[in-house]
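Asks: Pasting a structure below so you can have a look.
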Ligand SMILES: Cc1cc2nc3c(=O)[nH]c(=O)nc-3n(C[C@H](O)[C@H](O)[C@H](O)COP(=O)(O)O)c2cc1C
């Protein structure tokens with residue numbers, strides 16, 4: 001088992017790659033994990049498919065030049081719905097953290113890619129869509145100019161403080177002290193490190209310690225359902241690694257606030 005909290009801390013979007021192919025052993029490990037995750041379900045039970053393309057003819061054109069020379073791609077397919085996107089975010093992020101643990105670079109792409117190019121290589125059932133892709137490979141020593149520009153544009157190194165995304169009891173009480181999270185502080189830091197479209201970080205978390213519940217909400221953002229799925233994956237994996245495992249479900253008694261309610265973690 002890889003150190004998942006370390007993978008969360010180390011992961012960052014890699015847009016420039018070496019041409020070097022993965023070793024057959026690495027390719028096998030990545031495909032096995034993608035197939036294993038495809039056979040599971042995210043919190044909303046949607047049929048997500050994680051395809052892996054190695055040595056294909058995916059050129060820089062497929063990502064409008066944002067990604068160069070990647071030796072492989074993940075292609076994330078899900079039902080064309082809010083639930084589908086959330087589960088794709090959840091399962092594909094588990095794959096991304098796993099390959100981060102293998103020392104590989106990735107970059108979520110849900111905007112700057114040509115879906116029709118990727119559709120040429122994969123079967124697509126009716127009602128399903130290619131909602132996101134990610135290159136996978138070895139980071140280049142130097143960034144291309146386009147990659148550097150995208151990194152700067154997304155202001156990816158800046159993250160909101162925990163007090164701006166986590167609340168305790170109700171939305172008027174920001175999370176201020178490390179002790180307040182009932183042992184979840186490190187897990188929350190793992191969520192804070194999660195990637196999101198344009199680094200919007202739309203997840204909002206409300207901790208109800210008395211009831212042992214952690215509620216997830218979404219602020220407005222174009223990629224929020226993928227982003228929320230990603231944040232839920234970070235929370236679940238982090239909690240599991242620290243012996244705080246639990247399950248996601250809808251809580252009819254969830255507090256109502258200024259954000260869109262998504263799901264609740266019960267432990
Ligand atoms: C759902 C999602 C969609 C994204 N879409 C794009 C994209 O279309 N093009 C791009 O260059 N980066 C994209 N990104 C990468 C984000 O800009 C990046 O994750 C964010 O700025 C945080 O930076 P970091 O991943 O280096 O921590 C996307 C990320 C996520 C999670």
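Asks: If you build a Gaussian network model of the chain, linking Cα atoms that sit under 10 Å apart, which residue out of 110, 16, 249 swings the most?
Replies: Looking only at 110, 16, 249, the largest GNM fluctuation is found for 249.
Asks: Which angle from 0 to 90°, rounded to the nearest 10, does the C-alpha axis of helix 224-241 make with the longest principal axis of the chain?
Replies: Helix 224-241 and the main axis of the chain meet at about 70 degrees.
Asks: Quick one: Debye curve from the alpha-carbon atoms of segment 158-247 only, equal weights, vacuum; give me log10 I(q)/I(0) at q = 0.15, 0.23 Å⁻¹ to two decimals.
Replies: Here log10 of I(q) over I(0) equals -0.50, -1.23.
Asks: Here is a further query. Work out how much length residue 253 to residue 116 would gain on full extension: take 0.36 nm times their residue separation and subtract the Cα-Cα distance, in nm to one decimal.
Replies: Stretched out fully, the residue 253 to residue 116 stretch lengthens by 45.1 nm.
Asks: Right, another one. Helix 24-38 versus the longest principal axis of the chain: what angle, 0 to 90°, nearest 10, using Cα atoms?
Replies: Once rounded, the angle reads 50 degrees.
Asks: Quick one: in the chain, what % of C-alpha pairs are over 28 Å apart?
Replies: That tail contains 32 percent of the Cα-Cα pairs.
Asks: Continuing with this model, one more query. Under a 10 Å cutoff between Cα atoms, tell me which one of 121, 203, 108 has the largest fluctuation in the Gaussian network model of the chain.
Replies: Result: 121 has the largest fluctuation of those listed.
Asks: FRET efficiency for residue 31 and residue 60, Cβ-Cβ distance as r, R0 = 25 Å, nearest 0.05?
Replies: Step by step, r from the Cβ atoms, then E = 0.60.
Asks: Related question: Please work out how much length the chain gains when fully extended from residue 82 to residue 158, using 0.36 nm per residue of separation minus the C-alpha to C-alpha distance, in nm with one decimal.
Replies: That pair, residue 82 and residue 158, stretches by 24.7 nm at full extension.
Asks: Now a separate question. Starting from 0.36 nm per residue, how many nanometres of slack lie between residue 176 and residue 23 once their C-alpha separation is accounted for?
Replies: Going from the current span to full extension adds 50.5 nm.
Asks: Would you look at the GNM of the chain, springs on alpha carbons closer than 10 Å, and say which of 141, 80, 164 moves the most?
Replies: 141
Asks: Let me check against my output: what whole-number percent is the relative contact order of the chain, with C-alpha pairs under 8 Å and at least 6 apart?
Replies: For the chain, the relative contact order is 20 percent.
Asks: Rounded, prolate or oblate: pick one for segment 59-168, where a ≥ b ≥ c are the square roots of the eigenvalues of its C-alpha gyration tensor, a/c under 1.5 means rounded, and failing that, prolate if a/b is larger than b/c, else oblate.
Replies: oblate
Asks: Each label point is 7 Å from the Cα along the Cα-to-Cβ direction; what then is the distance between the points at residue 125 and residue 220, in nm?
Replies: Distance between label points: 3.5 nm.
Asks: Please arrange 4, 214 by how many other C-beta atoms lie within 10 Å of their C-beta, fewest to most.
Replies: 4, 214
Asks: Given labels modelled 7 Å from the Cα in the Cβ direction, how far is it in nm from residue 2 to residue 199?
Replies: Label at residue 2, label at residue 199, 2.3 nm between them.
We did not get these values from a lab; they are worked out from the coordinates using the rules stated. Everything numeric here is computed off the predicted structure, so don't read it as measured data. Every residue, glycine as well, gets a Cβ built from its backbone with ideal geometry; the counts of neighbours run over all protein chains shown.
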